[in-house]
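First the structure, in the form of C-alpha cells, and then the observations on it.
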Amino acid sequence: MKKNIVLFTLFICLSHFFSEAQTNTYKSEFGFRSENDSYLASGKDRYYTNGLLLTFRTAIDQSTLRNKKLNKMILEFEVGQKIYNPQSGSILDIVYVDRPFAGYLYAGAALNLLYNSENNLRLSVQSGTIGPAALAKEAQELMHNGFGFYEISGWQWQVKNELAINATAEYNYLINRSSSGKLDLSANTYINIGNTFSGAGVGIMFRTGAINPLYNSASLQSRLSNNNAQKDQQNREFFIYAKPMLNYIAYDATIQGGLFIKDKGPVVFDIKPVVFSQQAGAIYSQKRFTADFSIILKTREVESIAKSDQFGSIAFYYKLN
C-alpha cells in the first residue's frame, strides 16, 4: 500500500513537471506594486509617500481577434490606494503644511491593445474617492504602528471628500531597435481626463539587455498569451530601463482639493503645471514570475515651499493558467 502511494505521488509530481516544461505561455497573472519613499533610504516621509496597487490581468482569446494588425489584447483590473503627506507625516502646526495631506482610494479597469508593429494603446478608467473616505490616515497609522515608526499627526488638515472619476489613454510607439536586438528606444505618451487627475505627458523609454518584443514584454505588462496561432518569444527578460518624461498637469485634486466642491480643505495649493519626471530601474521576468524595481524622481509639483519628490517602486507578478 505504501509503495503504491509513493508511486502515485511520484507520478503526480512528474506529470506536473512535464506539463510545466511543455507550458510556455500563461494567459493570466496577478500581483502587486508597492511605492514608497522609504525604499530610497533617504530618511524622509514626504509628498507621495506610499502607494499599494493590486492587479489582475488576463489575455483575451487571440483567435477571436479580427484585426490582423493586433497581436493580443489584455484586460486588467486594479484596486489601489495612494497616500500623500506634506514635508513629514507628523505636522503639529498647519503653517508647516507645504503639500496637503491627501489619500486616493480607487478601483479600475484597463484594456491594453498590443499591435504586431510593437506599438500599443492602453485605455483605462478608475472610480474612487479622495479625502477621509480614502482611509489614508488609517492606513498610514496602521503602517507606522505596525513597524514602530513615529506617531502620525496632522491628518485633520487633509483635503475634503470627493467622488473620483478618471480616464487615461496611453500610446507607446517603437522608434528603433539595434541590430543585436539588445537595445531599443520607444516614445511614450498619455492623457488623463478626470476630476482627480487631468493632464498629458510625452517621453521616451530606453531599454537595454535581454529584451523581448514590446507585445510580449514585461515593460508593457504583455507577457501573457491565450490561444495564439503564432509562437510567442517567451524568452527570459533581464534588462535595465530609463524613462524620462515631460508632464503637463492641468489639475491634481490631491494638491488643489476636489474639483467640484467649494470647501476643498483647510489648506490647498496651486500646482506647477510643468513637471519633469525620470524613472530608472531593472526588470527580471521568466515563465512564471516578473519582478520590477525602479526609482522615480520628479521636479516640484506644488506652488509652495515644497521641494522636489522622489520614491521607489517594487512590483512582483505571478502568472497562471
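The values are calculated or read from the model by the stated rules, or taken from the named source; none is laboratory data. A quick note: this is a predicted structure, and the numbers were derived from the prediction, not measured. Methodologically, a virtual Cβ is constructed for each residue, glycine included, from the backbone with ideal geometry; neighbour enumeration extends over all protein chains shown.
For the range 263-290, give me each residue that is of a type in the set (A, V, I, L, M) and either in a loop (DSSP other than H, G, I, E, B) or in contact with a helix residue (DSSP H, G or I) (Cβ under 9 Å, 6 or more places away or on another chain) (or both). Outline the logic, then answer.
The initial filter retains those residues of the range 263-290 that are of a type in the set (A, V, I, L, M), namely 267-268, 271, 274-275, 280, 282-283.
Across the range 263-290, the qualifying residues are VAL267, VAL268, ILE271, ILE283.
Got a sec? Which of VAL268, VAL274 is of a type in the set (Val, Ile, Thr) and under 20 Å from GLY131 (Cα atoms)? Give the derivation first.
Details: VAL274 fails: under 20 Å from GLY131 (Cα atoms).
The match here is VAL268.
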### Message
Looking at the range 119-134 only, could you name the residues that are surrounded by 21 or more Cβ atoms within 10 Å (Cβ to Cβ) and not in a strand (DSSP E or B)?
### Response
GLY131, ALA134
### Message
Criterion first (at pLDDT 95 or above, within 25 Å of the chain's Cα centre (by Cα) and under 29 Å from GLY265 (Cα atoms)) does ARG99 satisfy it?
### Response
yes
### Message
Pairs please, first residue from the range 235-251 and over 15 Å from GLY209 (Cβ atoms), second anywhere and of a type in the set (Asp, Glu) and at pLDDT 95 or above, Cβ atoms under 8 Å, 6+ apart in sequence or on different chains.
### Response
ILE249/GLU301
### Task
Tally the residues that are surrounded by fewer than 18 Cβ atoms within 10 Å (Cβ to Cβ), farther than 18 Å from ASN247 by Cβ and either touching a Phe, Trp or Tyr at 6+ places or on another chain (Cβ under 8 Å) or of a type in the set (Asp, Glu) (or both), restricting the search to the range 264-292.
7
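From TYR115, TYR104, TYR84, which residue is touching a Lys or Arg at 6+ places or on another chain (Cβ under 9 Å), over 16 Å from LEU52 (Cβ atoms), in contact (Cβ under 8 Å) with a residue 60 or more places away in the chain and hydroxyl-bearing (Ser, Thr, Tyr)? Give the derivation first.
Values: TYR104 fails: over 16 Å from LEU52 (Cβ atoms); TYR84 fails: over 16 Å from LEU52 (Cβ atoms).
Selected residue: TYR115, the only one of TYR115, TYR104, TYR84 that is touching a Lys or Arg at 6+ places or on another chain (Cβ under 9 Å), over 16 Å from LEU52 (Cβ atoms), in contact (Cβ under 8 Å) with a residue 60 or more places away in the chain and hydroxyl-bearing (Ser, Thr, Tyr).
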### Message
Given (1) more than 23 Å from ARG33 (Cβ to Cβ); (2) in contact (Cβ under 8 Å) with a residue 24 or more places away in the chain, identify the lone condition not met by ARG66.
### Response
(2)
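Scanning for something in contact (Cβ under 8 Å) with a residue 40 or more places away in the chain, in contact with a strand residue (DSSP E or B) (Cβ under 7 Å, 6 or more places away or on another chain) and aliphatic (A, V, I, L, M), does the range 257-270 turn up at least one residue?
Within the range 257-270, the subset in contact (Cβ under 8 Å) with a residue 40 or more places away in the chain is 257-261, 263-269.
Add one more test, that the residue is in contact with a strand residue (DSSP E or B) (Cβ under 7 Å, 6 or more places away or on another chain), and what stays is 258-261, 269.
If we keep only those that are aliphatic (A, V, I, L, M) as well, we get 259, 261.
Within the range 257-270, one or more residues are in contact (Cβ under 8 Å) with a residue 40 or more places away in the chain, in contact with a strand residue (DSSP E or B) (Cβ under 7 Å, 6 or more places away or on another chain) and aliphatic (A, V, I, L, M).
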## Note on the structure
When every residue in the range 33-49 that is more than 21 Å from ALA253 (Cβ to Cβ) and touching a Gly at 6+ places or on another chain (Cβ under 6 Å) is compared, the one surrounded by the fewest Cβ atoms within 10 Å (Cβ to Cβ) is LEU40
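Can you tell me which residue is surrounded by the fewest Cβ atoms within 10 Å (Cβ to Cβ) among those in the range 209-231 that are hydroxyl-bearing (Ser, Thr, Tyr) and not in a loop (DSSP other than H, G, I, E, B)? Explain how you work it out, then say what you get.
Residues of the range 209-231 hydroxyl-bearing (Ser, Thr, Tyr): 215, 217, 219, 222, 225.
Filter once more, so that each one left must be not in a loop (DSSP other than H, G, I, E, B): 215, 219.
Details: TYR215: 25, SER219: 22.
Result: SER219.
Sort out which residues of the range 174-192 are surrounded by 14 or more Cβ atoms within 10 Å (Cβ to Cβ) and touching a Ser or Thr at 6+ places or on another chain (Cβ under 8 Å), and write them in order of number.
Within the range 174-192, the subset surrounded by 14 or more Cβ atoms within 10 Å (Cβ to Cβ) is 174, 177, 183-192.
Correct list: LEU174, LEU183, ASP184, TYR190, ILE191, ASN192.
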### Message
Checking GLY312 against (1) touching a residue at least 12 places away in the same chain (Cβ under 8 Å); (2) part of a loop (DSSP other than H, G, I, E, B); (3) within 25 Å of GLY154 (Cβ to Cβ): exactly one of these is not met. Which one?
### Response
(2)
### Task
For the range 129-151, enumerate the residues that are among the hydrophobic types (A, V, I, L, M, F, W, C) and closer than 23 Å to TYR106 by Cα.
ILE130, ALA133, ALA134, LEU135, ALA136, ALA139, LEU142, MET143
### Message
Anything in the range 263-301 that is under 26 Å from ILE91 (Cβ atoms) and in contact with an Asp or Glu (Cβ under 6 Å, 6 or more places away or on another chain)? List them, or say none.
### Response
PHE269, ASP270, ILE271, LYS272, VAL275, LYS298
### Query
So ALA187 fits all but one of (1) assigned to a loop (DSSP other than H, G, I, E, B); (2) farther than 21 Å from ASN50 by Cα; what number is the exception?
(1)
